[in-house]
Amino acid sequence: MTTREQIERRRTFAIISHPDAGKTTLTEKLLLYGGAIQSAGTVKGKASDKHAVSDWMDLEKQRGISITSSVMQFEYEGFCINILDTPGHQDFSEDTYRTLMAADSAVMVIDAAKGIEPQTRKLFKVCAMRGIPIFTFINKMDREARDPFDLLDELEKEFGIGTYPMNWPIGCGQDFKGVYDRNKKCILAFDEFHAGRRKIESIDCGLDDIEKLDSLIGERQRVELCEQVELLDGASFDFDIDKVSAGKLSPVFFGSALNNFGVEAFLEYFIHMTSAPLSHMTESKEISPFDDTFSAFVFKIQANMNKMHRDRIAFMRICSGKFERNKEYFHVQQGKSIKLAQPQQLMAQEREIIDEAYAGDIIGVFDPGIFSIGDTICESSNKITYGGIPTFAPEHFAEIEQIDSMKRKQFQKGMEQIAQEGAIQIFFMPGCGMERVIVGVVGVLQYEVLEHRMKTEYGVSYRQTPQRFQLIRFIGEGSGNPQELRLSRDTMWVQDVKGNDLLIFESEFDRRWALENNKELKLYEFNKS
């Protein structure tokens, strides 16, 4: 198979949702159909507890939520599929935003009873900003649900895009009989005891076959289905694959991920409707995935994924060409050639050494501490730099102080490694050393993750004191010596790991006071582009 053929068969997408909409369950069922796992919650060939395979961190298994993005690859009907399962909780949205930069399309999972929720709204805006295709899976139809027309209307009004239902639900909750496939003009009958143990066979049945329809779903639901589909055909958006590719029209699927219902049908449509790997912008030009030279960017770093290895993995999205093991590539930010050690294909925390990979793939490489989020790796003959990954200003702050002086090195290593992953941001109080630091996070649940990981991965406990700071700004060049600034009592001068000077404020009043009393002071916000 040629390099171009390998790239064309890649499908790389992120699954996004509000917490508890069923995102991780859908991910598992897609893996199930792809043969990557044998039953939900177990990796193929390995005994394990019944937790989600994509939720590999101990705290994820305890809390039942996704805390960090996972990468999973499997083959299905000749396609190579890369799934990025993202955290749904808003406190971990920064990880999700970065992961979406590595995806070519997104599957938005919506709870049929709740509709669009705040986190779904935020994540959609990130997808819209990138203009990537968005597919909608309306989940939990086997439970009581809102009117499907109301759900479609909400999607269209909230997101400003068109919708096209690929199938249509027949009832909901206890009356849920299945879905009608509008394209194939057939019915998929729902069986709550199916649980993915066998393929659901479609039943060919046109809406004009009254006798057969009545025998399948009953007269009342047959009349309702015919009326609803007629209304859809007359009033809904027309299907347009170009609009789908541009993120202007979202194909909608109804189903029940927990019962594996509608998942396989969704997957079969999805792989043919979504795009092969998309082009990516560098600082100066657009790079096609079919470019002959290899290039990639780092969008995630994770330490201690496997307790047996205790290593750091840098996740790279390959943007163009073919990756080859043991070949030298150029690390743009460090300005030198490197060999990417231990290139791996991943299934959550499970890993397999690979010899090659292609544009669209996500690979993990061993990171000895040289990579940062947003770094570019490419051929030395074609040096390029991809645009930066968004960074977000922390909204919550706490002072962290080590307790056991005998574990100073472990404390420093843990804090630095977790900060390099982008989950937290560390700020130093000049003159205080590493024993006391200010830790900033986007969501307060990150503090719980930090405490758990420091204790279990580095054997370190610490004292945490919440701070009242709310704003943080970079100090610009030409602002004078930070030590000589006139600041209010509720303002603190700190430095980040790169040596940048910053000010953190308890309120907007303190920020204005600093500017008014230091005429040369220039303050800048974090980059969110």
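The values are calculated or read from the model by the stated rules, or taken from the named source; none is laboratory data. For clarity, every value in this text was computed on a predicted model and none was experimentally measured. Please note: Cβ atoms are built from the backbone with ideal geometry, for glycine as well, and neighbour counts cover all protein chains shown. Accessible surface areas use protein heavy atoms only, side chains included; no ligands, DNA or RNA. Shrake-Rupley method; radii C 1.70, N 1.55, O 1.52, S 1.80 Å.
Could you let me know the centre-to-centre spacing of the range 396-417 and the range 319-372, using Cα atoms, in angstrom?
30
With contacts defined as alpha carbon pairs under 8 Å and 6 or more residues apart, what's the relative contact order of the range 410-514 in percent?
After rounding, I find 26 percent.
Using a Förster distance of 45 Å, how high is the FRET efficiency between E508 and F366, based on the Cβ-Cβ distance and rounded to 0.05?
Efficiency, from the Cβ-Cβ distance: 0.55.
Taking Cα atoms, how many degrees apart are the long axis of helix 445-458 and the longest axis of the chain, rounded to 10 and kept between 0 and 90?
Value to nearest ten degrees: 70.
Subtracting the Cα-Cα distance from 0.36 nm times the residue separation, let me have the gained length for E268 to V497 in nm, one decimal.
In short, 77.8 nm is gained.
Given an 8 Å cut-off on Cα distances and at least 6 residues of separation, report the relative contact order of the chain as a percent.
Details: 1135 pairs, mean separation 65.9, N = 529.
Once divided by the residue count of the chain, the mean separation gives 12 percent.
Efficiency by 1/(1 + (r/R0)^6): what FRET value for D147 and E525, r their Cβ-Cβ distance, R0 = 56 Å, to the nearest 0.05?
0.85
Where a ≥ b ≥ c are the square roots of the eigenvalues of the C-alpha gyration tensor, would you call the range 347-483 rounded, which needs a/c under 1.5, or, failing that, prolate if a/b is larger than b/c, or oblate?
Numbers: a/c = 2.11, a/b = 1.38, b/c = 1.53.
In terms of gyration-tensor shape, oblate.
Using the heavy atoms of the protein chains alone and a 1.4 angstrom probe, what is the accessible area of the range 122-179 per residue in square angstrom? Before the final figure, lay out the partial values.
Numbers: 2230 Å² over 58 residues.
Per residue, the range 122-179 has an accessible area of 38 Å².
Please label the shape of the range 337-397 as rounded, prolate or oblate, based on the square roots a ≥ b ≥ c of the eigenvalues of the alpha-carbon gyration tensor (a/c under 1.5 means rounded; beyond that, a/b larger than b/c means prolate, else oblate). The partial results should precede the final answer.
On the way: a/c = 2.00, a/b = 1.27, b/c = 1.58.
Oblate shape, in that a/c is at least 1.5 and b/c is the bigger or equal ratio.
Along the charge dipole of the chain, which of T391, L340, L471 sits closest to the positive end, that is, farthest toward it, with unit charges on the beta carbon of Lys, Arg, Asp and Glu (+1, +1, -1, -1)?
Comparing the listed Cα positions along the dipole, L340 ranks first.
Taking Cα atoms, how many degrees apart are the long axis of helix 148-159 and the longest axis of the chain, rounded to 10 and kept between 0 and 90?
Taking Cα atoms only, the helix is inclined about 30 degrees.
Exposed loop sites here are GluC sites (Glu not before Pro) in DSSP loop states with at most 15 other C-beta atoms within 10 Å. What is the longest stretch of the chain lacking them?
Excluding the exposed sites themselves, the longest stretch runs over 284-394.
Taking a spot 7 Å from the Cα of M281 along the direction of its beta carbon, which residues of the range 362-376 have an amide N less than 19 Å from it?
374-376, by backbone N distance to the label point.
Where a ≥ b ≥ c are the square roots of the eigenvalues of the C-alpha gyration tensor, would you call the range 215-268 rounded, which needs a/c under 1.5, or, failing that, prolate if a/b is larger than b/c, or oblate?
oblate
Pull up the DSSP beta bridges for the chain and report the antiparallel fraction as a percent, rounded to 5.
Rounded to the nearest five, the antiparallel share is 75 percent.
For Y164, what charge total do you get from the other residues with a beta carbon under 10 Å from its beta carbon, if Lys and Arg give +1 and Asp and Glu give -1? Show your work: numbers first, answer last.
On the way: positive: R182, K243; negative: D238, D240.
Computed value for this residue: 0.
Okay, which of the range 397-417 sit inside 17 Å, backbone N to the point 7 Å along the Cα-Cβ direction of M434?
400-417
Can you list the HN-Hα couplings for the range 206-212, worked out from phi with the Karplus curve (6.51, -1.76, 1.60; θ = phi - 60°), rounded to whole Hz and with x for Gly and Pro?
Per residue, the Karplus-derived 3J(HN,Hα) values read x, 5, 8, 8, 4, 4, 5 Hz.
Calculate what fraction, in whole %, of the accessible area of the chain sits on carbon and sulfur atoms when a 1.4 Å probe is rolled over the protein chains.
Within the chain, the accessible surface is 46 percent carbon and sulfur.
From the phi angles alone, apply the Karplus equation (6.51, -1.76, 1.60; θ = phi - 60°) to the range 71-82 and give each ³J(HN,Hα) in whole Hz, x where the residue is Gly or Pro.
Calculated HN-Hα couplings, in order: 10, 9, 10, 8, 9, 8, 6, x, 9, 9, 10, 10 Hz.
With the crude spin-label approximation of a point 7 Å out along Cα→Cβ, what separation in nm comes out for E401 versus R468?
1.8
How many nm separate the modelled label positions at E477 and D240, each set 7 Å beyond the Cα in the direction of the Cβ?
Taking the simple label geometry, E477 and D240 are separated by 4.7 nm.
Among the aspartates and glutamates, which have Cα under 20 Å from the Cα of K285 when same-chain residues fewer than 8 positions away are ignored?
Reachable aspartates and glutamates: D104, D375, E379.
Give the residue from F505, L485, Q412 lying farthest towards the positive end of the charge dipole for the range 395-529; charges sit on Cβ (+1 for Lys and Arg, -1 for Asp and Glu) and the dipole is referred to the Cα centre.
Highest projection toward the positive end goes to Q412.
Extending each Cα 7 Å along its Cβ direction at I210 and A393, get the distance between those two points in nm, one decimal.
6.6
Among [x] 25.7; [y] 23.9; [z] 26.9, find the value of mean projected area of the Cα convex hull in nm² that was calculated from the structure presented, and write down its label.
[z]
So which of K23/K122; K300/K522; K122/K300 end up more than 22 Å apart, counting from Cα to Cα? Mind showing how you got there, number by number?
Numbers: K23/K122 16 Å; K300/K522 31 Å; K122/K300 20 Å.
Among K23/K122; K300/K522; K122/K300, the Cα-Cα distance tops 22 Å for K300/K522.
Between E448 and T3, what is the FRET efficiency for a Förster distance of 41 Å, r being their Cβ-Cβ separation, to the nearest 0.05? Could the numbers behind the result be given before it?
Details: r = 45 Å, r/R0 = 1.09.
Calculated value: 0.35.
Can you list the aspartates and glutamates whose alpha carbon sits under 13 Å from that of K413, skipping same-chain ones fewer than 8 residues off?
Candidates past the 8-residue exclusion: D311, E421, E435, E457.
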